[in-house]
Amino acid sequence: MAQLALAESLTLTVDPRPLFVPSGLLVIPGERYRFAAGGKWQDWFRTVGPTGWKLWPLHLKNRVPGAAFFYLCASIGADDANAFAVGAGLDWTVPDAAANAPDRQLYFFANDWRACYGNNHPLPPEQGGPLTVAITRIA
């Protein structure tokens, strides 16, 4: 795993099919990152970007409750307990609690019901895909 130096960036393609897409990035409490996402992916037949879509009240049962279906989300370690919503963009500080996580790698995923990842699809460029996130260390 790697760490980013201040002002260094990496761009990751996020496949919506796995429960967790590893970034290869090790995060340390107190570091600050900027996430900027773009592109599209597909939930069954619905094509959306990193802010996904909502269907009241079904999105309340997503892995990150209350965040839309297919909202771009991340987690410290492959653990939904450490998950948070990213969307199209977010400035984020690694929380102190990350120091105790057994896996401090940053993972990304499409917010969905755990049992429904079988109908998720990445998209090719001619259909607006793939969905990518740029990760920049800002402090």
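Computed from these coordinates, which is Rg/Rh (Cα atoms, Kirkwood Rh): [x] 1.58; [y] 0.96; [z] 1.13?
[y]
Please find, in a Gaussian network model of the chain (springs between Cα atoms separated by less than 10 Å), the residue of Val48, Val14, Val86 whose mean-square fluctuation is greatest.
Residue with maximal mean-square fluctuation among Val48, Val14, Val86: Val48.
Return a whole-number percent for the relative contact order of the chain, with Cα pairs under 8 Å and 6 or more residues apart as the contact set.
Values: 347 pairs, mean separation 60.4, N = 139.
Answer for the chain is 43 percent.
Using alpha carbon coordinates only, what is the Rg to Rh ratio of region 18-58, with Rh defined as the Kirkwood radius? Mind dumping the intermediate values first?
On the way: Rg = 14.4 Å, Rh = 13.5 Å.
We get a ratio of 1.07 for region 18-58.
Cut-off 17 Å, label point 7 angstrom out along Cα-to-Cβ of Ala36: give me the residues of region 121-139 whose amide nitrogen falls inside.
Answer for this model: 131-139.
Can you send over the carbon and sulfur percentage of the accessible area for the chain, probe radius 1.4 Å, protein chains only?
57
To the nearest 10 Å², what's Asp80's accessible area with a 1.4 Å probe?
Estimated to the nearest 10 Å², Asp80 gives 40 Å².
Over the chain, with the other protein chains present, what is the accessible area per residue in square angstrom, probe 1.4 angstrom? Please report the intermediate quantities before stating the final value.
Details: 6680 Å² over 139 residues.
Value returned for the chain: 48 Å² of accessible area per residue.
Only four residue types carry charge here, +1 at the Cβ of Lys and Arg and -1 at the Cβ of Asp and Glu. Report the dipole size of region 14-93 about the Cα centre in Debye, rounded to the nearest 20.
Details: 8 positive and 6 negative charges, 55 e Å.
That gives a dipole near 260 debye.
Can you tell me the length gained on complete extension of the stretch Trp44 to Ile28, counting 0.36 nm per residue apart and subtracting the Cα distance? Let's see the in-between values first.
Details: separation 16, 0.36 × 16 = 5.76 nm, distance 3.59 nm.
My answer for the length gained is 2.2 nm.
For a quick check, take a GNM of the chain with Cα springs below 10 Å and name the residue from Ala83, Ala101, Ala115 with the largest mean-square fluctuation.
Ala115
What percent of all Cα-Cα pairs in region 81-139 falls into each 10 Å bin, going from 0 up to the bin containing the maximum distance?
The percentages, shortest bin first, are 15, 41, 33, 10, 0.
³J(HN,Hα) across region 115-130 via Karplus (A = 6.51, B = -1.76, C = 1.60, θ = phi - 60°), whole Hz, x for Gly/Pro?
For region 115-130, the Karplus-derived couplings read 7, 10, 6, x, 9, 8, 9, x, 10, x, x, 5, 10, x, x, x Hz, x marking Gly and Pro.
Could you give the nm distance between label points at Lys54 and Phe84, where each point is 7 Å from its Cα heading toward the beta carbon?
It is 2.1 nm.
How big is the charge dipole of the chain about its Cα centre, in debye rounded to the nearest 20, if each Lys and Arg gets +1 on its Cβ and each Asp and Glu gets -1 on its Cβ? Intermediate results must be reported in sequence, preceding the final value.
On the way: 11 positive and 11 negative charges, 58 e Å.
It comes to approximately 280 debye.
Rank Ile76, Ser9, Ala99 by how far each Cα sits towards the positive end of the charge dipole of region 1-130 (+1 on Lys, Arg Cβ; -1 on Asp, Glu Cβ) and give me just the farthest.
Checked the options; the winner is Ile76.
Which FRET efficiency, nearest 0.05, do Thr132 and Asn100 yield, Cβ-Cβ r, R0 30 Å?
Working: r = 30 Å, r/R0 = 1.01.
Given R0 = 30 Å and the Cβ-Cβ separation, E is 0.50.
Please compute the net charge surrounding Asn120, taking Lys and Arg as +1 and Asp and Glu as -1 over other residues with Cβ under 9 Å from its Cβ. If you can, show how the numbers build up before the last one.
Details: positive: Arg17; negative: Asp15, Asp43, Asp112.
Every neighbour counted, the sum reads -2.
Please compute the modelled spin-label separation between Ala2 and Phe20, points set 7 Å along Cα→Cβ, answer in nm with one decimal.
2.1
Heavy atoms of the protein only, probe of 1.4 Å, neighbouring chains included. What is the accessible area of Trp113 in Å², nearest 10?
The accessible area comes out at roughly 80 Å².
The values are calculated or read from the model by the stated rules, or taken from the named source; none is laboratory data. Fair warning: this is a prediction, and the values are worked out from it, not measured in the lab. Every residue, glycine as well, gets a Cβ built from its backbone with ideal geometry; the counts of neighbours run over all protein chains shown. Quick note on the areas: whole protein, heavy atoms, side chains included, nothing else; ligands and nucleic acids left out. Shrake-Rupley method; radii C 1.70, N 1.55, O 1.52, S 1.80 Å.
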